[in-house]
Amino acid sequence: MSAIKLDFSTLDTLAMRQWRHEIHAQPETAYEEVNTASLVKQVLSSVGIEVHEGIATTGVVGVLKKGTSERSIGLRADMDALDIHESNDLDYCSQVPGKMHACGHDGHTAMLLGAAVYLAKYADFDGTAVFIFQPAEEVRGGAREMIDQGLFERFPVDQVYGMHNMPGIPEGNFTITSGPMMAAFAHFECTIRGKGGHSSTPYLNVDPINIGTKLVSAWQQIITQDIPAQEVAVIATTEFHAGTAFNITPETAVLRGSCRSLSNETAALIEKRMAEIAHQVCAAEGATCDLEYRQAYPVLVNEPECTRFAADVARSVVGDERVSTNQMPIMGSEDFAEMLLLNPGAYIFIGNGVESRGGCMIHNPGYDFNDNNLKPGAQYWVSLACKYLNTK
């Protein structure tokens, strides 16, 4: 790929930092990103970008067209925070008790805003850049909601790209892989109905707690007995609720948890086998059960050509030695996968750092997005859009 000739001296890193800190101080969780969406609208509108609001409640889409080409590219950033109480001592620390930007979506939003401003004011390209500011990435499915409300019918794109920071990777480095890169995610709730009674007469009771422990163990055998060894999957029972007193066998027990896999076929198999095993184990013990199982996010799969394109663009920004195309797939999940089901594209990680707060893992009360990533992240977005939209 030929070098991208862009002068980034006018990229406003100070503004990006200010936006990021403002968003961080006022975190908003799923479908409540009202102030964040307002800031996004204000910034986009100030440079003449066409703004569309209210997609999936708080989602914002900016459309920037230059020239006459029909080519188009989608660039996506997530905006929502998490229900975590921040433990950092920062000038811009969360001012909302119990909520914080513990995943870096404040930085993602600021980077894409900075890129949008630069593209509007200084970049020369031929085509349309679509800036997708998505709500509710954290478990609530904002990507699917935007899609269901006509995102790509209203704003069609040839390709779509996403980016996320990643602690443990040196700041400003990029890493990506072709094919599956993040896992499918599902969550479940199993209600076991037994027969309650006095704990001194277990032979008269049907103990849902005992049955629940057998279920947790039996479900784990799916990983070893039903799934090929070369496949990767996780079944995690993370909640077990039962009982009200030390001398009463309860009537019911509730198990909740999540499942992850790196193929959608494996995800479907896990759902099928968990239900079969639950009913078999309960029937053998004289109990019944209801299993509610929801496939939340599909596997995130990077299209090969788009992956190569994204990696080449990243190399043009930070150099060959700071870009890896051998990122191991991870069992975390991302609803950007929904957008990749409908459009070719790719998702890339930018390193948040390996020390201090930069190395603190996401979803941790001590996490903070690394401001040193604002510039290379925005440069990546600008370069990606310009290279694609100027390719004949």
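Being outside any strand (DSSP E or B), modelled with pLDDT under 95 and out of contact with any Lys or Arg (no Cβ under 8 Å at 6 or more places or on another chain) is a description that does not apply to ARG144.
Screening ARG308 against (1) outside the structural domain of ALA385 (by TED's automatic domain parsing); (2) assigned to a helix (DSSP H, G or I) leaves a single unmet condition, (1).
For region 323-352, residues that are under 17 Å from THR175 (Cβ atoms) and in a helix (DSSP H, G or I) total 1. Condition first: farther than 30 Å from ASP312 by Cβ and assigned by TED's automatic domain parsing to the domain that holds ASN372. Can you find one or more residues in region 6-21 that meet it? Checked region 6-21: at least one residue is farther than 30 Å from ASP312 by Cβ and assigned by TED's automatic domain parsing to the domain that holds ASN372.
Can you find, within region 296-338, the residue that is surrounded by the most Cβ atoms within 10 Å (Cβ to Cβ) among those that are of a type in the set (Val, Ile, Thr) and within 18 Å of SER263 (Cα to Cα)? Ranking the candidates gives VAL299 first. Of the residues screened, ALA77 is not one that is farther than 25 Å from LEU384 by Cβ, surrounded by 15 or more Cβ atoms within 10 Å (Cβ to Cβ) and in contact with a Ser or Thr (Cβ under 8 Å, 6 or more places away or on another chain). Scan region 134-160 for residues that are within 13 Å of the chain's Cα centre (by Cα) and not charged (D, E, K, R) and jot them down. Answer for region 134-160, where residues must be within 13 Å of the chain's Cα centre (by Cα) and not charged (D, E, K, R): GLN134, PRO135, ALA136, VAL139, GLY141, GLY142, ALA143. Can we say TYR118 is modelled with pLDDT of 95 or more, in contact with a Lys or Arg (Cβ under 8 Å, 6 or more places away or on another chain) and among the aromatic types (Phe, Trp, Tyr)? Considered against the rule, which asks whether it is modelled with pLDDT of 95 or more, in contact with a Lys or Arg (Cβ under 8 Å, 6 or more places away or on another chain) and among the aromatic types (Phe, Trp, Tyr), TYR118 comes out as no.
ASN352 fulfils the conditions (1) surrounded by fewer than 22 Cβ atoms within 10 Å (Cβ to Cβ); (2) of a type in the set (S, T, N, Q); (3) touching a residue at least 12 places away in the same chain (Cβ under 8 Å) except for a single criterion, (1). Residues that are over 21 Å from GLU189 (Cβ atoms), among the acidic types (Asp, Glu) and in a loop (DSSP other than H, G, I, E, B) within region 278-305 comprise just one, GLU303. From the list TYR122, TYR31, TYR92, the lone residue that is surrounded by fewer than 23 Cβ atoms within 10 Å (Cβ to Cβ), within 18 Å of the chain's Cα centre (by Cα) and not basic (Lys, Arg) is TYR31.
Among the candidates PRO344, PRO365, the residue that is touching an Asp or Glu at 6+ places or on another chain (Cβ under 7 Å), more than 30 Å from TYR92 (Cα to Cα) and at pLDDT 95 or above is uniquely PRO344. In this entry, LEU341 passes the filter for residues that are out of contact with any helix residue (DSSP H, G or I) (no Cβ under 6 Å at 6 or more places or on another chain), surrounded by fewer than 23 Cβ atoms within 10 Å (Cβ to Cβ) and not charged (D, E, K, R). Scanning region 105-141 for residues that are of a type in the set (Val, Ile, Thr) and part of a helix (DSSP H, G or I) gives THR109, VAL117. Taken together, the criteria place VAL130 among residues that are within 19 Å of ALA378 (Cβ to Cβ), of a type in the set (A, V, I, L, M, F, W, C) and modelled with pLDDT of 95 or more.
Scanning region 201-225 for residues that are more than 36 Å from the chain's Cα centre (by Cα), part of a helix (DSSP H, G or I) and of a type in the set (Ser, Thr, Tyr) yields one hit, TYR203. Among the residues of this structure, THR36 counts as one that is surrounded by 17 or more Cβ atoms within 10 Å (Cβ to Cβ) and either within 26 Å of the chain's Cα centre (by Cα) or not assigned by TED's automatic domain parsing to the domain that holds LEU151 (or both).
Test ILE248 against the stated conditions and say whether it is modelled with pLDDT of 95 or more and crowded, with 17+ Cβ neighbours inside 10 Å. Taking the combined requirement at face value, the residue does not satisfy it.
The values are calculated or read from the model by the stated rules, or taken from the named source; none is laboratory data. Source: prediction; values computed, not measured. Virtual Cβ from ideal backbone geometry, glycine too; neighbours counted across all protein chains shown.
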